[in-house]
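Novice: Mind having a look at this structure? Questions to follow.
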Amino acid sequence: MARRTVVSMPGDGIGKIVLPEAIRVLDAVGFEADYVPADIGWEFWITEGNPLPDRTVDLLARHGLGLFGAITSKPKNEAGAELAPHLRDRGLVYYSPIVGLRQRFNLDISIRPCRSLPGNPLNFIRRNAAGGWEEPIVDAVIFRQNTEGLYGGVEWTDPPPDVRAAFETHPKFKRFADTPGPDLAISSRIFTRRACARITRAAFEYAARHGYPSVTVCEKPNVLRETSGMMEEEARKASADFPDIKLWSTNIDAQMMWLTKNPEDYSVIVAGNMFGDIVSDAFAGLVGGLGFACSANIGDEVAVFEPTHGSAPKYADLSPSIVNPIAMILTAAMLLDHVGELDRADAVRDATAAVVSEGEVRAYDMLRLPGGPDVLSKGAATTTQITDAIIRKLV
């Protein structure tokens, strides 16, 4: 295949640690690519008032492929207080740059695999009927609608008069009629039929391609009748073209209970932005936590791949680093899938699974240790040692 160009966006905190480790693995597996560094994150919010500079957007538009580390986000007032003095009082508002990328390039299909690796001591276990223990195999892939819903950014505190007037036309707004504007905050949950159709069809196509038996819509249609109802309606339409794949429906609250009772029953799950975020983190907890959680953000022309963990700034300055790079490495494997390097993607996953199964090299989280510099003396491996072990399995 032709040599690729990947926009490399380490971002904040441990993103600057784990992303280079993933690139080491990509190099070791023989993926031929040039990596173009790009600016994103908290540093650029502080110094430029923009955590997603236009130059980074331009690079992604040109090359269409991005590998992203982690981002720091803080509440509105804290973000404003950290701006450089010359940028304060200009009305600048911090928005998550990864959310900005999703919306700018319509990266509307988020794919978040949550698969248990044999031998991972963090895998979910449960008691069986005989009083012993069993470890169900978890293999769930969450399709999260990535650009709409509660993360669409259409919200107000003290909504302007025309917005408030529009809400007052709804009979259920009457109980808020006497609330003063400064005491009223509104966040909208917007679904469009086109986006619901795209994400549900993508979920069914993935299930068919990879041999999964079911697609579960995880929403709340008994309460959120319009938005969740639209998602379910489009899922039924998509289902008609895939008669061999069962269509299930669960409420998000019930799903949180069932996933710890019978997680092996679920395969592909599709949800809106907020519920997809929740259910993917919940399933990630069954397969080792966010240290094993990878994801893809897919649009028509641009794709950005990221682990779902945060920037964990308290670990960013530890030397040597102790953070677990596996989520970032599995994210790199998803990038390989996307560009058609399927054998190399499988090789990365197989090498990672082999290291986890052998159990000789484990991050501090896999040893159930609280993070800190002393974990190395208790048997935890450094970030580099984990990557080295995976690379040894590749060569």
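The values are calculated or read from the model by the stated rules, or taken from the named source; none is laboratory data. Remember, predicted model here, so these are calculated numbers, not experimental data. Cβ atoms come from the backbone with ideal geometry, glycine included; neighbour counts cover every protein chain shown.
Novice: Across segment 338-382, what is the total count of residues that are of a type in the set (D, E, K, R), without any contact (Cβ under 8 Å) to a residue 40 or more places away in the chain and in a helix (DSSP H, G or I)?
Specialist: Residues flagged as of a type in the set (D, E, K, R), without any contact (Cβ under 8 Å) to a residue 40 or more places away in the chain and in a helix (DSSP H, G or I) within segment 338-382 amount to 5.
Novice: Another question, if that's okay. Looking at segment 150-175, which of the residues that are among the acidic types (Asp, Glu) and assigned to a helix (DSSP H, G or I) is nearest to residue 99 (Cα to Cα)?
Specialist: Once the filter is applied, the top-ranked residue is 162.
Novice: I would also like to ask the following. Would you check if residue 30 is assigned by TED's automatic domain parsing to the domain that holds residue 334 and within 22 Å of the chain's Cα centre (by Cα)?
Specialist: no
Novice: Continuing with this model, one more query. Taking residue 139, is it modelled with pLDDT of 95 or more, acidic (Asp, Glu), closer than 17 Å to residue 294 by Cβ and surrounded by 16 or more Cβ atoms within 10 Å (Cβ to Cβ)?
Specialist: So residue 139 passes the test.
Novice: Pick from segment 310-332 the residues that are touching a Gly at 6+ places or on another chain (Cβ under 7 Å) and assigned to a loop (DSSP other than H, G, I, E, B): which of them is surrounded by the fewest Cβ atoms within 10 Å (Cβ to Cβ)?
Specialist: 312
Novice: Of the residues that sit in segment 49-75 and are in contact with a strand residue (DSSP E or B) (Cβ under 9 Å, 6 or more places away or on another chain) and in a helix (DSSP H, G or I), which one is surrounded by the fewest Cβ atoms within 10 Å (Cβ to Cβ)?
Specialist: Filtering segment 49-75 for residues that are in contact with a strand residue (DSSP E or B) (Cβ under 9 Å, 6 or more places away or on another chain) and in a helix (DSSP H, G or I), the one surrounded by the fewest Cβ atoms within 10 Å (Cβ to Cβ) comes out as 62.
Novice: If you don't mind, another one. Can you pull out every residue in segment 127-158 that is more than 23 Å from residue 248 (Cα to Cα) and in contact (Cβ under 8 Å) with a residue 60 or more places away in the chain?
Specialist: Passing the criteria: 147, 150, 151, 152.
Novice: Is it true that residue 36 is among the hydrophobic types (A, V, I, L, M, F, W, C), assigned to a helix (DSSP H, G or I) and either within 30 Å of residue 349 (Cα to Cα) or assigned by TED's automatic domain parsing to the domain that holds residue 335 (or both)?
Specialist: No: the conditions fail for residue 36.
Novice: Can you name every residue in segment 283-337 that is over 18 Å from residue 107 (Cα atoms) and of a type in the set (Phe, Trp, Tyr)?
Specialist: Those that are over 18 Å from residue 107 (Cα atoms) and of a type in the set (Phe, Trp, Tyr): 283, 292, 315.
Novice: Tally the residues that are surrounded by 14 or more Cβ atoms within 10 Å (Cβ to Cβ), part of a loop (DSSP other than H, G, I, E, B) and either of a type in the set (Asp, Glu) or touching a helix residue (DSSP H, G or I) at 6+ places or on another chain (Cβ under 6 Å) (or both), restricting the search to segment 176-207.
Specialist: Number satisfying all stated conditions: 2.
Novice: Further, regarding this structure: Looking at residue 41 and the list (1) modelled with pLDDT under 95; (2) on the phi > 0 side of the Ramachandran plot; (3) not aromatic (Phe, Trp, Tyr), which single condition is not satisfied?
Specialist: Just one mismatch for residue 41, condition (1).
Novice: Within segment 241-270, take every residue that is part of a loop (DSSP other than H, G, I, E, B) and of a type in the set (A, V, I, L, M, F, W, C) and give me the one that is nearest to the chain's Cα centre (by Cα).
Specialist: 259
Novice: Answer with yes or no whether residue 83 is in a loop (DSSP other than H, G, I, E, B), in contact (Cβ under 8 Å) with a residue 24 or more places away in the chain, within 20 Å of residue 309 (Cβ to Cβ) and touching a helix residue (DSSP H, G or I) at 6+ places or on another chain (Cβ under 7 Å).
Specialist: no
Novice: Next question, about the same structure. Inspect all residues belonging to segment 258-278 and state whether any of them is over 17 Å from residue 108 (Cα atoms) and touching an Asp or Glu at 6+ places or on another chain (Cβ under 7 Å).
Specialist: Scanning segment 258-278 turns up at least one residue that is over 17 Å from residue 108 (Cα atoms) and touching an Asp or Glu at 6+ places or on another chain (Cβ under 7 Å).
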